[in-house]
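The values are calculated or read from the model by the stated rules, or taken from the named source; none is laboratory data. As the structure is a prediction and not an experimental result, all values here were calculated from the model. Using ideal geometry, Cβ is built from the backbone for each residue, glycine included, and neighbour counts are taken over all protein chains shown. These accessible areas exclude ligands, DNA and RNA; they are computed on the full protein's heavy atoms, side chains included. Shrake-Rupley method; radii C 1.70, N 1.55, O 1.52, S 1.80 Å.
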Amino acid sequence: MPARRKASSIPHRARRAHRLKEARIRTSPFLAVSALALAAAPAAAQTIKPGEPPLTAQTSSSGGPLDPVQKLVRFQSADLRIEVLPDSQSIRGVGTLRFVATAPIRTLVIDLDRNLPVSAIAIDGKPLRPGAWSNPEGRMTVQLGKTVRAGGTVTAAITYGGTPHTAVRAPWDGGFVWAKTPQGQPWVATAVQMEGCDLFWPCIDYPTYEPDHVDLHITVPKGLKAISNGVLKGTDTLADGRSTWNWHVTDPTLYGIALNVGPYEVISGDYKSRFGNTIPMFYWYLPGEEAQARGLFAEFAPTLDFFETMIGPYPFGDQKLGVVETPHKGMEHMTVNAYGNKYAKTPWGYDDLFQHEFAHEWFANQLTASNWDDFWLHEGTGTYMQPLYAEWRGGKGDYTAMLLQERIGIRAKSAIVTGKPQSAEEVYEDKNGRGGDIYTKGSWTLHTLRNLIGDKAFFDGLRLAIYGRTDPRPGNFKPLYRSTPEFIAFMEQTSGRKLQWFFDVYLYQAALPELLAERKGDRLTLAWKTPGDRPFPMPVEVQVGDRLVTLAMAGGSDAIDLPAGAHYVVDPWSKILKRSADIDAFQAWRAAQTSR
């Protein structure tokens with residue numbers, strides 16, 4: 001998700017949703033997309049206000065507690081047949097989900113926004129009677145009418161449709177974005193990180209319930225294209241001019257499944273990887289933007305080379321590197337990242353929004369947080385990749401300058417990891433700014449850690465977290481779920497050092513460590529002050545004239561002799577994240593200016 005996040009009013013979270021009356025019709029859930037028939041949306045053109053239809057608390061909160069029955073199944077695969085109807089701002093679809101039972105079950109519990117009424121369900125090909133399922137709050141209970149033994153499989157074909165929730169301000173507040181191109185053609189996108197997959201398809205909305213694969217068959221009006229995740233298996237043109245776009249994606253993240261509909265044009269090419277494989281690259285953009293689009297596309301190969309050089313192989317090289325232009329800012333939709341930065345320029349020489357979202361192919365789609373309490377593993381690492389790329393391109397000066405720019409935004413009023421399960425909403429809507437700090441404080445934590453343990457240990461630790469090994473090559477790794485304690489253990493393993501003290505202060509506490517300096521005569525004493533007086537043996541560099549001295553700070557304090565009248569600078573290259581009275585004063589001034 002883009003790092004530049006502003007506070008916003010979110011009215012749909014503050015009121016309870018009204019019930020949407022379900023219209024039930026008799027239809028087979030196995031009808032081809034060309035003949036989908038649902039009591040879904042009105043035929044006439046309409047405009048749905050942002051935030052409407054309203055969501056229940058259950059649907060608003062992605063990654064909240066699982067239902068006990070959901071813990072008894074593994075989500076194996078999904079086949080999604082979805083028709084997008086821009087004129088009525090509605091969808092209709094059939095989601096065929098396959099589960100493996102890990103214990104005997106007689107029910108399924110599936111997440112799906114109740115604004116998308118279910119008209120039919122078939123279990124293993126047998127239609128259920130009306131009343132065999134209910135979905136009062138967006139968590140649907142389905143009575144199977146039989147017992148599925150442990151190790152057995154069950155397939156649910158769910159016919160649904162209606163008016164999906166419209167985003168208030170995508171991507172930070174999720175839903176559908178119904179827009180028009182400059183030429184007046186429909187331009188539609190989804191972004192559902194905050195609210196989850198159940199905003200437009202039936203799923204189990206929890207990070208560790210990713211299916212092995214998803215097939216998407218997306219039907220759109222004549223003249224439009226449907227761009228999605230994974231590999232395009234073919235396009236079917238229907239008799240009335242509509243077309244169905246068939247995609248297959250392996251190991252997808254749940255919120256990374258995306259629909260993108262518009263009159264797209266495409267630039268494509270191949271990247272010859274330093275690991276020996278060839279990666280197809282695509283950029284889908286709006287008509288009339290070819291020159292700008294080619295400029296952005298030219299950044300794909302060098303950005304990919306940076307990641308493969310510094311981190312490791314692109315995780316989804318057997319699918320694609322895909323980017324699609326969207327009417328919202330951006331989002332890390334696996335293999336089809338959303339881009340809405342309007343080809344902005346930066347002083348760093350590259351599009352930082354494109355680079356940030358692409359970083360998430362490693363830090364979100366390959367390494368996925370096992371609970372949203374560990375969201376910083378996505379966003380902090382993804383954000384750190386921007387200054388790291390600036391260093392790779394232009395050197396330490398650019399790296400430091402970009403980090404100093406990030407530093408201004410750190411609020412340090414909430415811990416970025418609580419150690420307790422959290423929903424996405426709880427992380428991002430924290431009133432003390434945790435939703436921003438998972439980006440900037442997370443990035444600076446990694447910067448400080450790298451300076452503490454050195455490049456080899458740092459990057460080997462990252463590779464263990466991302467790939468499960470330090471020698472990744474295409475084909476010798478699979479996507480992984482990770483937690484903060486696991487990340488800490490990897491860094492301890494590669495550095496050969498105990499580091500819990502480091503992460504206890506930076507991740508599990510809100511306030512930043514403060515470095516106190518006292519000069520008496522020709523003696524300078526430095527001491528760390530931390531929340532709860534926690535141990536913090538962080539070494540500190542001191543510049544004295546043209547001499548750079550490193551103080552070990554083994555017990556949290558240390559001292560250095562200073563010549564009479566000598567000028568000194570503590571931490572001259574800003575290698576350590578610590579409290580700054582200057583930044584505190586600037587933030588207070590800026591807040592006062594904003595409130596006027």
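The set of residues in the stretch 561-587 that are surrounded by 10 or more Cβ atoms within 10 Å (Cβ to Cβ) and either at positive phi or in a helix (DSSP H, G or I) (or both) comprises Asp571, Ser574, Ile583, Asp584, Ala585, Phe586, Gln587. Checking each residue in the stretch 256-287 for being open to solvent by less than 10 Å² (accessible area, probe 1.4 Å), assigned to a loop (DSSP other than H, G, I, E, B) and aromatic (Phe, Trp, Tyr) picks out only Tyr264. Summed over the stretch 337-381, the residues that are over 28 Å from Gln422 (Cβ atoms), of a type outside the set (S, T, N, Q) and in a loop (DSSP other than H, G, I, E, B) give a count of 9.
Annotation: Asp215 fulfils all but one of (1) open to solvent by 20 Å² or more (accessible area, probe 1.4 Å); (2) acidic (Asp, Glu); (3) not in a strand (DSSP E or B); the unmet one is (3).
Within the set Asp205, Asp240, Asp236, the sole residue that is closer than 22 Å to Arg92 by Cα, touching a helix residue (DSSP H, G or I) at 6+ places or on another chain (Cβ under 9 Å), of a type outside the set (Ser, Thr, Tyr) and assigned to a strand (DSSP E or B) turns out to be Asp236. Taking Ile311, is it touching a Cys at 6+ places or on another chain (Cβ under 8 Å) and aliphatic (A, V, I, L, M)? In short, no. Taken over the stretch 192-206, the criterion of being open to solvent by less than 10 Å² (accessible area, probe 1.4 Å) and under 22 Å from Gly435 (Cβ atoms) is satisfied by Val192, Gln193, Met194, Glu195, Gly196, Cys197, Asp198, Leu199.
Just one of the listed residues (Trp444, Trp376) is open to solvent by less than 10 Å² (accessible area, probe 1.4 Å), closer than 30 Å to Thr56 by Cα and at pLDDT 95 or above, and it is Trp376. Looking only at the stretch 350-357, decide whether some residue is touching a residue at least 40 places away in the same chain (Cβ under 8 Å) and closer than 22 Å to Trp247 by Cα. Yes.
Condition test on Ala554, is it in a loop (DSSP other than H, G, I, E, B), out of contact with any Leu (no Cβ under 6 Å at 6 or more places or on another chain) and at pLDDT below 95? So Ala554 fails the test.
Scanning the stretch 414-443 for residues that are part of a helix (DSSP H, G or I) and of a type in the set (Lys, Arg) turns up Arg434, Lys441.
Between Arg411, Arg469, the distinction of being in a loop (DSSP other than H, G, I, E, B), charged (D, E, K, R), under 26 Å from Ala390 (Cβ atoms) and open to solvent by 30 Å² or more (accessible area, probe 1.4 Å) belongs to Arg411 only. I'd like to know if the stretch 290-310 contains one or more residues that are buried (at least 24 other Cβ atoms within 10 Å of the Cβ), modelled with pLDDT of 95 or more and of a type in the set (Gly, Ala, Ser). No: the stretch 290-310 contains no residue that is buried (at least 24 other Cβ atoms within 10 Å of the Cβ), modelled with pLDDT of 95 or more and of a type in the set (Gly, Ala, Ser). Residues that are over 22 Å from Ser414 (Cα atoms), out of contact with any strand residue (DSSP E or B) (no Cβ under 6 Å at 6 or more places or on another chain), open to solvent by 50 Å² or more (accessible area, probe 1.4 Å) and in contact (Cβ under 8 Å) with a residue 24 or more places away in the chain within the stretch 491-521 comprise Gln493, Gly496, Arg497, Arg519, listed in sequence order.
Filtering the stretch 54-68 to residues that are closer than 18 Å to Ala170 by Cα and assigned to a helix (DSSP H, G or I) leaves Thr59, Ser60. Scanning the stretch 522-551 for residues that are touching a residue at least 24 places away in the same chain (Cβ under 8 Å), part of a strand (DSSP E or B) and open to solvent by 90 Å² or more (accessible area, probe 1.4 Å) yields a count of 1.
No other residue among Ala189, Ala156 is open to solvent by less than 30 Å² (accessible area, probe 1.4 Å), within 22 Å of Asn135 (Cβ to Cβ) and in a strand (DSSP E or B) apart from Ala156.
Within the stretch 138-152, residues that are assigned to a loop (DSSP other than H, G, I, E, B) reach partners that are open to solvent by 80 Å² or more (accessible area, probe 1.4 Å) with beta carbons closer than 6 Å, at six or more positions or on different chains, in the pairs Arg149/Pro104; Ala150/Pro104.
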